[in-house]
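The values are calculated or read from the model by the stated rules, or taken from the named source; none is laboratory data. Remember, it's a predicted structure, so these values are computed and weren't measured experimentally. Neighbour counts are summed over all protein chains in view; Cβ atoms, including those assigned to glycine, are modelled from backbone coordinates with ideal geometry. Note: areas computed on protein heavy atoms with side chains; ligands, DNA, RNA excluded. Shrake-Rupley method; radii C 1.70, N 1.55, O 1.52, S 1.80 Å.
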Amino acid sequence: MSQADQSTILQRILETSRQMSETRELEPLLFYVMDQALELTNGEHGYLVLIEGNSLDFRVTRGTPYEGDKSESPVSHTIIRRVVESREPVLEHDAMSGSQGFTNSVFRLQLRSVLCVPLMAQAELLGVLYIENRNIAGAFTEADVPLVMIFASQAAVAIRNAQLNYQQDVLMAHLESIVQERTAELDLARREAEAGWFAALEENRLRTGMLGNITHDLRSPLNVVVNALEWMRMGEFGEITADQEEWIGRSLNAIQQVLRLVNDIFDLSKIDQGKFELFPRVVEIGPLMEQTLAIAEGVKRNTEVEFRAEIAPDLPPIWADPDRVQQILINLFTNAFKFTQQGSVTLRVDRPYALHSVLFMVIDTGDGIAEDEQTRLFDRFQQAGDKEDRKKRGTGLGLAICKEIVERHGGEIWLESQLGKGTTFYFTLPIAEE
């Protein structure tokens, strides 16, 4: 072969390599490689064989040279195994001559010219190209081998890239399937969660509405009982004995405790229904505290506990709902009296420097609250202390309602406490704009 012919063939191999590199799909690429190999060598028949584990996969067959038993392989596995094992090309000018020590299959197939080269990509053996001509001895020459090896090397790289691309496509399809399946599961879970959420909201709305109606219906007869007992204690229905007065007082305490509980539940139901309203206005602190302290005296039962008030002079008016402010303070006083066996309960009202709010403090010298219980004390149904303390505290709604009222006024509420030394509750309310 002349240098000019070799140059022409190399140019053709380069063009073929470019075409192969642009073919991303594996099957079309394999057929293209086989066809180009036959055209390059003027071979009659060809096989492109890929190695799959320990087996040979005849992916592309060109021509039907063998007319014998169709159950037998039409190619020499001896030649292919030699290439696979050595990773070197095999060129046979006339296999029928027996010069290479081939098996009987060569004679059975009547092989003449055979050129079999490995498909190597970065030291990895992908398979072999097997080209033959059974009619002409010496159809392939030594000069063909390096050219076909160059072609096979370029083909192997393209095949490997196509295999990787195929594997990537399979993986992406698998991942996409997983994502779609997972997305469907999440969407179903979301719809079920939403359905459950809306059902729970509706159930809660109905329950809250029913609870509000029940507590509303309870308040009226309870107030009648309270008023009747007050009149009896005042002698409106005739004189009463000391024992009768004591039992009337006990009954009033029990009824008022139930009434406070009913009022708390009623307020809670209104909060949940969005019907909890405030009616703020400009409120002078002095008269409001005087009225509140008078009510608090009735809550105090222990004569050994001193009840004090420290109201700073010249306090500015606040912007607040006076009934709700009174509700906050009575709730805090009630708790303070429950857990203060001796010492004092003090109301202190002041205006801290540069604060556009008035600060209210209810200070007791009672049992105190453990530090780990303080952060959750304003949550609904949360109580501090041991089992006996919780029985005295009630349902744990009062402080949660106090927090709601204070925050709706634009203020803050918090506490400081130490076990055995007492508790101080703080809350702020905004000063009325001048």
For segment 267-365, shape from the Cα gyration tensor axes a ≥ b ≥ c, cut at a/c of 1.5 then a/b versus b/c, turns out oblate
Carbon and sulfur %, accessible surface of segment 114-205 computed with the full protein complex present, 1.4 Å
60 percent
With a 1.4 Å probe and every protein chain kept in, tell me what percent of the accessible surface of segment 299-341 is carbon plus sulfur.
47 percent
Can you give the FRET efficiency for Glu297 and Thr424, using 1/(1 + (r/R0)^6), R0 = 22 Å, r = Cβ-Cβ distance, to the nearest 0.05?
0.60
Any chance you could look up the accessible area of Asp372 with a 1.4 Å probe, heavy atoms only, rounded to 10 Å²?
120 Å²
